[in-house]
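*Asks:* Have a look at the structure that comes next, please.
The values are calculated or read from the model by the stated rules, or taken from the named source; none is laboratory data. Just so we're clear, the structure is a prediction, and the values are computed from it rather than from any experiment. Cβ atoms come from the backbone with ideal geometry, glycine included; neighbour counts cover every protein chain shown.
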Amino acid sequence: MVAARAAMVYNKRDAGPELYKDFYEHMKREILTSENRMVFSRTLDFLFGKGEFSVYDIDAIVFDWQRKRYVSAFELKFKSWRVAKQAWLDGVIEVNGYQFIRTKRLARLLRIPLYYFVQIGHYPKAKYVMFDPTKIRAEMERKYEGTYAEDLYALIPLDDAIVSRSIEDLRTDLGLLIGR
């Protein structure tokens, strides 16, 4: 990243800090947001005892300004193609099983649809998978024993999800999903 930034700045010498300042401001806010989440979580542990509560988040909520209403919520995920490739070839996408169970429970409580939005790989070759956890019958499987990735996984059948194979497909599919 440093070499790419240096090349970008060198090639656009007259552009100045505005070329990269927005990126660094965004990253500073992300770090402070992460610190805020940790402080909040640790404060709950201090007040009520470790393990009494867990903190989870929903990553995006879509609001329709014309109709003045919430449309949907999204749990956003990213998987590299290297990590997702074998599951993809097997016709599934893997998501954390425990989180899938909690998200499914939350989706049943909300008054708006809650979807997973999984980006696989990097633009422009990225694929996108969207699904409503309340409408998916996922197999649960403990996988990757003895590695850092060992955990319970929900295996989401690609046939039961919306799969966008390009950014153009994603624009159409997401528009249909949220009713636009």
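*Asks:* From the set of residues in region 114-125 that are surrounded by fewer than 17 Cβ atoms within 10 Å (Cβ to Cβ) and under 16 Å from the mean Cα position of the chain (by Cα), which is farthest from Tyr56 (Cα to Cα)?
*Replies:* In the first step, residues of region 114-125 are kept if they are surrounded by fewer than 17 Cβ atoms within 10 Å (Cβ to Cβ); the result is 122-125.
Next cut, under 16 Å from the mean Cα position of the chain (by Cα) only: 122-123.
Values: His122: 26, Tyr123: 28 Å.
Once the filter is applied, the top-ranked residue is Tyr123.
*Asks:* May I pose another question? For region 52-81, give me the residue count where each residue is over 18 Å from the mean Cα position of the chain (by Cα) and part of a loop (DSSP other than H, G, I, E, B).
*Replies:* Total meeting the criteria: 7.
*Asks:* Something else: Restricting region 139-167 to residues that are among the hydrophobic types (A, V, I, L, M, F, W, C) and not in a strand (DSSP E or B), which is surrounded by the most Cβ atoms within 10 Å (Cβ to Cβ)? So that I can check it myself, show each step before the final result.
*Replies:* Step one: of region 139-167, the residues among the hydrophobic types (A, V, I, L, M, F, W, C) are 140, 149, 152, 154-156, 158, 161-163, 167.
From the residues that got through so far, the ones that are not in a strand (DSSP E or B) too are 149, 158, 161, 167.
Details: Ala149: 11, Leu158: 16, Ala161: 20, Ile167: 11.
If we take residues in region 139-167 being among the hydrophobic types (A, V, I, L, M, F, W, C) and not in a strand (DSSP E or B), then Ala161 is surrounded by the most Cβ atoms within 10 Å (Cβ to Cβ).
*Asks:* Considering only residues of region 126-138 that are farther than 15 Å from Leu76 by Cβ and hydrophobic (A, V, I, L, M, F, W, C), which is surrounded by the most Cβ atoms within 10 Å (Cβ to Cβ)?
*Replies:* Ala138
*Asks:* Which residue pairs have Cβ atoms closer than 9 Å, lie 6 or more positions apart in sequence or on different chains, and pair a first residue in region 148-163 that is more than 18 Å from Gln119 (Cβ to Cβ) and assigned by TED's automatic domain parsing to the domain that holds Gly97 with a second residue that is in a loop (DSSP other than H, G, I, E, B) and basic (Lys, Arg)?
*Replies:* Hits for this filter: Pro157/Arg137; Asp160/Arg137.
*Asks:* Regarding region 94-104, can at least one residue be identified that is touching a residue at least 60 places away in the same chain (Cβ under 8 Å) and farther than 23 Å from Tyr70 by Cβ?
*Replies:* Pass one, region 94-104, residues touching a residue at least 60 places away in the same chain (Cβ under 8 Å): 94-95.
With farther than 23 Å from Tyr70 by Cβ added as a condition, the list becomes 94-95.
Scanning region 94-104 turns up at least one residue that is touching a residue at least 60 places away in the same chain (Cβ under 8 Å) and farther than 23 Å from Tyr70 by Cβ.
*Asks:* Which condition does Lys104 not pass, out of (1) basic (Lys, Arg); (2) surrounded by 14 or more Cβ atoms within 10 Å (Cβ to Cβ); (3) over 20 Å from Ile136 (Cα atoms), if it passes all the others?
*Replies:* (3)
*Asks:* Answer with yes or no whether Ser72 is closer than 30 Å to Gly121 by Cβ, among the hydroxyl-bearing types (Ser, Thr, Tyr) and in contact with a Leu (Cβ under 9 Å, 6 or more places away or on another chain).
*Replies:* On the way: closer than 30 Å to Gly121 by Cβ: yes; among the hydroxyl-bearing types (Ser, Thr, Tyr): yes; in contact with a Leu (Cβ under 9 Å, 6 or more places away or on another chain): yes.
For Ser72, the condition - closer than 30 Å to Gly121 by Cβ, among the hydroxyl-bearing types (Ser, Thr, Tyr) and in contact with a Leu (Cβ under 9 Å, 6 or more places away or on another chain) - is met.
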